[in-house]
Amino acid sequence: TSPPTVFKLSVAGLFHDIGKKEIPREILTKTRHDMSSEEIQILLSHPTRGREILESMKVLAGDVTQVVYDHHEECNGTGYPRGLRKNLIHPLARVVSVANAFCNLAIKNPNSEGMSAMDAIKRLQSIEAGRLDNDVLTAVAKMLKI
């Protein structure tokens, strides 16, 4: 909760998908089910490209860049781009990962019709168990009074 940590988390949250800026819109607006394997690989490249973009700017803390790179890693090792397990994923990336998963369910997008905060948390607690950091997920639920 220190101001520098909150700042890094906030900036990383804002920039976590910056690597998507170079992905064609026609890919970003498709559901995963409708994407070709090549399009999925392009989409999965966005954390790596995000890291490259931020590193080239040379103005952000290394932690921010690492969070952007790690935000799709999953605690059980099934994430990307490196398949890291929980203890190797940057702690702030685990926070951004939960926030990202929550928003992907709660906000209407090509892969979701959108749902209430309560339904999104319940779904994350059941379906994403083991993939997301349970402590972070519990904290988000508590913050939302769910």
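Numbers below:
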quantity: Test: residue in the range 113-131 that is over 22 Å from Leu14 (Cα atoms) and of a type in the set (Val, Ile, Thr); calculated: yes
quantity: Test: residue in the range 34-43 that is over 21 Å from Lys108 (Cα atoms), in contact with a Ser or Thr (Cβ under 9 Å, 6 or more places away or on another chain), of a type in the set (D, E, K, R) and modelled with pLDDT of 95 or more; calculated: no
quantity: All positions within the range 126-146 that are under 11 Å from Ala101 (Cα atoms) and not aliphatic (A, V, I, L, M); calculated: Glu128, Arg131
quantity: Residues located in the range 1-23, provided they are farther than 16 Å from Pro81 by Cβ, surrounded by 10 or more Cβ atoms within 10 Å (Cβ to Cβ) and free of Cβ contacts under 8 Å to residues at least 40 places away in the same chain; calculated: Val6, Phe7, Ser10, Leu14, Lys21
quantity: Which numbered condition Leu92 fails, given (1) in contact with a Leu (Cβ under 7 Å, 6 or more places away or on another chain); (2) open to solvent by 80 Å² or more (accessible area, probe 1.4 Å); calculated: (2)
quantity: Residue match in the range 89-97 (condition: over 20 Å from His46 (Cβ atoms) and more than 16 Å from the chain's Cα centre (by Cα)); calculated: no
quantity: Pick from the range 27-61, criterion open to solvent by less than 60 Å² (accessible area, probe 1.4 Å) and small (Gly, Ala, Ser), ranking: farthest from Ala101 (Cα to Cα); calculated: Ala61
quantity: Residue within the range 81-99 that is on the phi > 0 side of the Ramachandran plot, of a type outside the set (Val, Ile, Thr) and at pLDDT below 95 present; calculated: no
quantity: Selected residue (only one of Ala99, Ala120 is under 22 Å from Phe7 (Cα atoms), of a type in the set (A, V, I, L, M) and outside any loop (DSSP other than H, G, I, E, B)); calculated: Ala99
quantity: Top-ranked residue in the range 104-145 [being within 17 Å of Glu74 (Cα to Cα) and among the hydroxyl-bearing types (Ser, Thr, Tyr); ranked as surrounded by the most Cβ atoms within 10 Å (Cβ to Cβ)]; calculated: Thr138
quantity: Every residue from the range 62-71 that is surrounded by fewer than 20 Cβ atoms within 10 Å (Cβ to Cβ) and touching a residue at least 12 places away in the same chain (Cβ under 8 Å); calculated: Asp63, Gln66
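The values are calculated or read from the model by the stated rules, or taken from the named source; none is laboratory data. Everything numeric here is computed off the predicted structure, so don't read it as measured data. Using ideal geometry, Cβ is built from the backbone for each residue, glycine included, and neighbour counts are taken over all protein chains shown. Calculation scope for accessible area: heavy atoms of the full protein, side chains included, ligands and nucleic acids excluded. Shrake-Rupley method; radii C 1.70, N 1.55, O 1.52, S 1.80 Å.
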